[in-house]
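Where a number appears in this text, it was derived from the coordinates with a stated rule and is not lab data. Since this is a predicted model, take the numbers as computed values, not measurements. So basically every Cβ, Gly included, is an ideal-geometry build from the backbone, and we count neighbours across all protein chains shown.
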Amino acid sequence: MAGTILTSLVLLLQLTCVIAVVAYLLTRRRFFLEVLEGHPAARTRLILIGVFGALSIYGTVGGVEFMGGIINVRDLGPMVGGLVGGPVVGVGAGLIGALYRAGLGGFSVVPCVLATIIAGLLGGLVWRAYGRRFPPTVVAVSFAVLMEGLHMLLVLALARPFEEAFALVNSVALPVILANAAGVCIFAVFIHTLENECRVQAERDGLIREMERKNTELAIAAEIQQSFLPDTLPQVAPFEIAARSIMAREVGGDFFDAIPFEVMHMGPDRLGIFIADVSGKGIPAALFMALSRIVVRVNAIWHQQQPAEAIRDANAIITADSTSGMFVTLFYGVLDARDRSLTYVNAGHNPPLVCAPDGSFSELPTTGMAIGAVPDAAYGADTAVLGPGNVLVLYTDGITEAENAAQEMFGEGRLREAIAGVRTLPAEAMVAAILEAVRAFSGSAPQSDDITLMVIRSV
């Protein structure tokens, strides 16, 4: 008897594997997404009824005859149909399988027909109980076990003679229950795998859309920030002025400007210039940069003759509005063409380099602390004379701290060498040459900080 049961179980598992292949192919069809969403269209339901009804017939045809009955997985199609598509699909598939079984006759025909229809109906009710979704694997397998147990009870209750019904149930109950449970389990794995794939795909698509949205916003922010930087700088003889800014990200915290720039003149022989570096990177630095630029520019225009007062008032305003702990280092100066002088305030910025005609260097030291750190900070002004052939180079630390693949910094020494080598070139050419020297030094290493450079050449 044990050998017979084992042989029957193996045959039924073979049937189950065939059904599992069909189930896998079914779950990969495009229309099956409607099923996963819990709202299959009428056309989709008809397809499901046909497929699972055909599986029910196959489960009967491929069954194993034993003591006048057939050990089969007929109920698997309607059960899964109900668990997947609801009562309509389950009952529809059950009716197809039941009608075929009815045509075969036999003393167990009535309970088998009823069980096939009931399997589809109960599977559909379970589907509804789980919010029109395929239930968890444990629930689905437990349902299959209970359903086939009910099938056996129906055979005992309705099939006659009872002795034959009892002998049949005693022989086929275990393989039938195991085979149907295995089939439902395999199908559940396919369903939940597909659900996970859809969930991961939805998350991936959502992430891609979010990245595209953020990239679009960053592109707009970069365009707006770029509009803050002057395309061309006003010139005042005998000085040549050129500048360029290269952001490490789409937006950054470096900026430069010339005052006046499309606002008002401080006299035909005078021009305000400044360069600044906001602490931090990215969007926060860009926002702080926009605030700082406007405040410094307005105060510089207001205090045309007093650079120290302009920076002092700008610091008070920026500190009052800044609650993030950010600050900005800034160099602001007023060029006077009449005596080639530069009256400046260095608010914690890298000391600008002055290259003499003979290639020697001097620095313009700080005259106060960074803006935005202390509300009542004091700032002083100093004056330098840029005689003929002198070159003033203002820069942010993105230049001196640029690294190569060996994590070596460009440093001030290399910057001085680059400046000295091109000191006789026009200001625009000097800017391009110095930035090229930094790029060549960095090689393939990524840019880690914003780079801003301004060159003022006295001719």
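Worth a mention:
- In the chain, helices alone account for a calculated mean residue ellipticity at 222 nm of -19000 deg cm²/dmol, with every DSSP H run of four or more residues adding -39,500 (n - 2.57).
- Working ranking of peptides 91-102, 30-41, 410-421, 203-214 by packing, defined as the average number of other Cβ atoms within 10 Å per residue, highest first, is 91-102, 410-421, 30-41, 203-214.
- Highest-first packing order for the peptide set 117-123, 338-344 is 117-123, 338-344, based on the mean count of other beta carbon atoms within 10 Å.
- Which labelled figure in [x] 41.1, 124; [y] 29.9, 99; [z] 23.5, 85 is Rg and Dmax of the Cα atoms in Å, once derived from the coordinates: [x]
- Only the Cβ atoms of Lys and Arg (+1) and of Asp and Glu (-1) were treated as charged; on that basis the dipole of the chain about its Cα centre amounts to roughly 2420 debye.
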